[in-house]
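In what follows, a single structure is set out as structure tokens and then discussed.
The values are calculated or read from the model by the stated rules, or taken from the named source; none is laboratory data. As the structure is a computational prediction, the values presented were derived from the model and not from experiment. When we count neighbours, we look across all protein chains shown, and the Cβ atoms used for this are built from the backbone with ideal geometry, even at glycine. When the accessible area is computed, the model is the full protein with side chains, heavy atoms only, and any ligands, DNA or RNA have been set aside. Shrake-Rupley method; radii C 1.70, N 1.55, O 1.52, S 1.80 Å.
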Amino acid sequence: MTTPHSGKRFIAWAALSGVVAGAVFLAVAELAALLFARTASPILAVGAFVIDIVPRPLKELAITTFGEYDKIALLAGLGLAVFIASAIAGILQYVRPHLGAIGIVLAGVLSGAAIVTRAEATLLAYLPPIFGTAGGVAMLVILSRRLRAWRAETLGSAVPENPADRPGYDRRRFLIGTSVAGVSAVVVGIAGRTISAVTSSAEAIRKAVKLPSPRTTVTIPSGAEFDIRGISPLITPNKDFYRVDTALTIPTVDPESWSLVIDGMVDQRVELTFQDLLAMGLDEYAVTLTCVSNEVGGGLVGNAIWQGVPLRDVLKMAGPSTDADMVLSRSVDGYTASTPLSALTDDGIDAILAVAMNGEPLPPEHGFPVRMVVPGLYGYVSATKWVTELKVTTFAEDEAYWTPRGYSAEAPIKFASRLDTPKSGTPVEAGKVPLAGVAWAQTVGIERVEVSVDDGEWMPAKLSNPINEDTWVQWMLEWDATPGTHYVAVRATNKNGDLQIEERAPIAPDGSSGWQRSLITVS
Ligand SMILES: Nc1nc2c(c(=O)[nH]1)N[C@H]1C(S)=C(S)[C@@H](COP(=O)(O)O)O[C@H]1N2
Ligand SMILES: [Mo]
């Protein structure tokens, strides 16, 4: 009889065989995805599904804990879950043959379901989970059989007649099978995913795009930008521009096959190709984007020069009904935003379909080839990236992605001011220190920024020359810093004469508010 110790040892080997079978499942699925349906990677589909179903508090926790690495953290968590589930499947298969295999089939069905809920899924998208399941089950059955043979070998006292009965034969067969399959799965899986990511990246397609020169360009007035170390540059470089979206992998959209459909409550359905859009003529617009998830003093805001076409001109072609009050814009990946129709048709608001950002075609992560940019509204209700449909409808009839997830259906930007330098936690030397930052009140403009040190009187800051009312302005105030710790508070007034909201509000449901107060250390 075997000792309890060796029994436990076999359970550990069984768990390993499960992990290898799980890896084979994923590797075969990645290979099938590479060959048949790029968007149908089971692990990424499940990840995307998780993003869509996690409740708001958990999502906020993920963003505040992991920041821009929230998606990497999600994949790491998912990897751990797959590891544990596979190990359990391996043990089950060893203890009760078929049970582990049934577990893998179940995982295949679940990931298949996650894939077909994705917006871009075609029939071919079923192939990766089917092949993955077949590979995973076959591997589990083979390894589990070999493991049981090895166990029997240690129990029995067979007389070695042929090579297969020599001591250690079954042990070797199990160990070789496990290591060969394990290593191959890792190599094939990583190679498959990398090739998919690299070759499907919109980068090559994007490089081939030639945009016509814009008919008008933005003029940056003199005095628009201060020369102060640590202040946000007037124009945020693309590589530093914040990115917020629900896309676990960046959608790849070929402008050749891209089209924009304008339908719903319209006189006539209109479909525009990328060339149709460019033929309307491009103009330049400077607009500061802001995310509803931006905390007081936070970095989810950026200013860019966009090239595009007014949404009012595009909507006019379809003839929106006077009974409509909302446009539900849809991305190729299924994301939707609800924007008041009036914000898109008003002559005084430069709402655009943008194709270029700071002089180049939109970067893939910022919506290539076409996105919306609407001054004055938070990104989640207006700035749809990879946009492909505009449905003219009503707020009563339709709901956007974030609405059932705890955010307002309508969300104008709460105007705000931010201290960029000095930073809390970075001590400065006593003497003349510039306090400086940015302030934004899209569509209205910033009239005044004031600073108070240690609850002293409010002192007006100097403002940079604004590009327009849709962009942020820089502000600065020279401060005579004395050694010690000081509170620096900042607040803005817009051109309507409204003072920035002092009361603190969380980001949900319609954006944070409150004056930023920073603790500055002077040495
Ligand atoms: N397709 C798609 N578009 C989207 C989103 C998204 O999740 N998917 N997020 C929106 C949000 S919340 C914001 S703040 C802006 C951010 O745009 P950026 O990533 O280019 O800065 O995009 C908006 N457009
Ligand atoms: Mo956002």
Nearest 0.05, what FRET efficiency do ARG215 and ARG96 give at R0 = 56 Å with Cβ-Cβ as r?
-> 0.20
State the Cα centre-to-centre distance between the stretch 26-74 and the stretch 236-256 in whole Å.
-> 16 Å
Using all Cα-Cα distances in the stretch 4-87, what percent lands in each 10 angstrom bin from 0 up to the longest?
-> 16, 35, 28, 16, 5
Excluding residues on the same chain fewer than 8 positions from LYS71, give the lysines whose Cα lies under 21 Å from its Cα.
-> LYS59, LYS239, LYS385
What is the packing order of peptides 325-335, 46-56, 414-424, taking the mean over residues of other C-beta atoms within 10 Å and listing the highest first?
-> 325-335, 414-424, 46-56
Residue among ALA81, GLN93, VAL24 farthest towards the positive dipole end of the stretch 4-200, charges placed on Cβ = GLN93
Using a 10 Å cut-off on Cβ atoms, rank the peptides 124-135, 383-394, 270-281, 143-154 from the highest mean neighbour count down.
-> 383-394, 124-135, 143-154, 270-281
Mind pulling the angle between the C-alpha long axis of helix 70-95 and the longest principal axis of the chain? Nearest 10 degrees, somewhere in 0 to 90.
-> 20 degrees
On the protein heavy atoms, probe 1.4 angstrom, tell me the percent of accessible surface of the chain carried by carbon and sulfur.
-> 60 percent
Above-threshold pairs, the threshold being 30 Å between Cα atoms, out of LYS207/LYS414; LYS207/LYS462; LYS423/LYS462; LYS316/LYS462; LYS210/LYS316 | LYS207/LYS414; LYS207/LYS462; LYS316/LYS462
Grab every C-alpha pair in the chain, bin the distances at 20 angstrom width from 0 up to the longest one, and report whole percents.
-> 20, 42, 26, 11, 2
